[in-house]
Amino acid sequence: MIRRGLSIALLAAIAMLPWLWIAATARIQLRSLWLVGGTAWIGQLWLVAGASAIARGQSLAAAAQNLARALVPWLVTVAAIALGFAALVVPGVLLLVLLAPLGASERLAEPLPAPLHDAFAIARRNPRRLALVIAAIVIADVAIAGAGVLVLAHVVHQPRVVVRAVALAVSVVAPGAAWLVARSYTPKP
């Protein structure tokens, strides 16, 4: 259990590195704070690939390889979700729920449409649970950013510290979020 926790924490550090970098180099703190909190789910979706490998009992090296294998399908997924949000909010939310379990797919090594089809199949098996998990993840990330704004406004007068704390907080939440999405995968009976 401890080995699994340490493995997923290491993979979370890799997956959330862009958000930690944004926080470290932020010049406009309030915008950066909301950017980090509002988009952390993107890195958490990538981390699902590593979390699902660990949930299957694979080694850290196999989980890292699964994370690397998921990079291109994950980028396609993020682009599709972003286009859905740009068109209207509802298609973006639907695509977010339907494509969230992409990293849990056992078909990541296959050419690109295969993992996407598998993600849709995973999401269709238990859409309510997955929608609740995704909603909880997004709400938690935004709540962390909101708490950062309150701390920034009323307690701490060093905005960079707060932005970095928010980035660290969403990175700490990332393994749990990815684990919940990865556990939504149930093999076909």
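The values are calculated or read from the model by the stated rules, or taken from the named source; none is laboratory data. Owing to the predicted nature of the structure, the values given are computational and were not obtained by experimental measurement. In this analysis, Cβ positions are derived from the backbone assuming ideal geometry, glycine residues included, and neighbour counts consider all displayed protein chains. Protein only, heavy atoms only, side chains kept; ligands, DNA and RNA dropped before computing areas. Shrake-Rupley method; radii C 1.70, N 1.55, O 1.52, S 1.80 Å.
Screening 80, 15 for residues that are closer than 17 Å to residue 118 by Cβ and either of a type in the set (Gly, Ala, Ser) or free of Cβ contacts under 8 Å to residues at least 24 places away in the same chain (or both) leaves exactly one candidate, 80.
Within the stretch 87-97, does at least one residue satisfy the condition of being within 16 Å of residue 49 (Cα to Cα), open to solvent by less than 40 Å² (accessible area, probe 1.4 Å), modelled with pLDDT of 90 or more and assigned to a helix (DSSP H, G or I)?
Initially, the stretch 87-97 is screened for residues within 16 Å of residue 49 (Cα to Cα), giving 96-97.
If we keep only those that are open to solvent by less than 40 Å² (accessible area, probe 1.4 Å) as well, we get 96-97.
Those still in the list that are modelled with pLDDT of 90 or more too: 96-97.
If we keep only those that are assigned to a helix (DSSP H, G or I) too, we end up with 96-97.
Yes, the conditions are met somewhere in the stretch 87-97.
Restricting 183, 125, 129 to residues that are open to solvent by 10 Å² or more (accessible area, probe 1.4 Å) and either more than 18 Å from the chain's Cα centre (by Cα) or acidic (Asp, Glu) (or both) narrows the list to 125. Could you please find all residues in the stretch 37-54 being over 12 Å from the mean Cα position of the chain (by Cα) and either of a type in the set (Val, Ile, Thr) or open to solvent by 10 Å² or more (accessible area, probe 1.4 Å) (or both)? Listed by number, the list holds a single entry, 54. Residues that are under 22 Å from residue 14 (Cβ atoms), modelled with pLDDT of 90 or more and of a type in the set (S, T, N, Q) occur in the stretch 155-174; there is at least one. Residues in the stretch 24-36 that are in contact (Cβ under 8 Å) with a residue 24 or more places away in the chain, surrounded by fewer than 15 Cβ atoms within 10 Å (Cβ to Cβ) and either in a loop (DSSP other than H, G, I, E, B) or in contact with a Phe, Trp or Tyr (Cβ under 8 Å, 6 or more places away or on another chain) (or both): there are none.
Is it the case, given these coordinates, that residue 156 is surrounded by 13 or more Cβ atoms within 10 Å (Cβ to Cβ), closer than 21 Å to residue 41 by Cα and more than 20 Å from the chain's Cα centre (by Cα)? No. So is residue 72 part of a helix (DSSP H, G or I), open to solvent by 60 Å² or more (accessible area, probe 1.4 Å), within 15 Å of residue 113 (Cβ to Cβ) and among the β-branched types (Val, Ile, Thr) or not? Yes: the conditions hold for residue 72.
Here is a yes/no grid of residues against (1) more than 18 Å from residue 16 (Cβ to Cβ); (2) part of a helix (DSSP H, G or I); (3) free of Cβ contacts under 8 Å to residues at least 60 places away in the same chain:
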site	(1), (2), (3)
120	yes, yes, yes
130	yes, yes, yes
134	no, yes, no
140	no, yes, yes
144	no, yes, no
149	yes, yes, no
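Among (1) within 19 Å of residue 183 (Cβ to Cβ); (2) open to solvent by 40 Å² or more (accessible area, probe 1.4 Å), there is one condition residue 21 misses while meeting the rest; what is its number? Single failed check for residue 21: (1).
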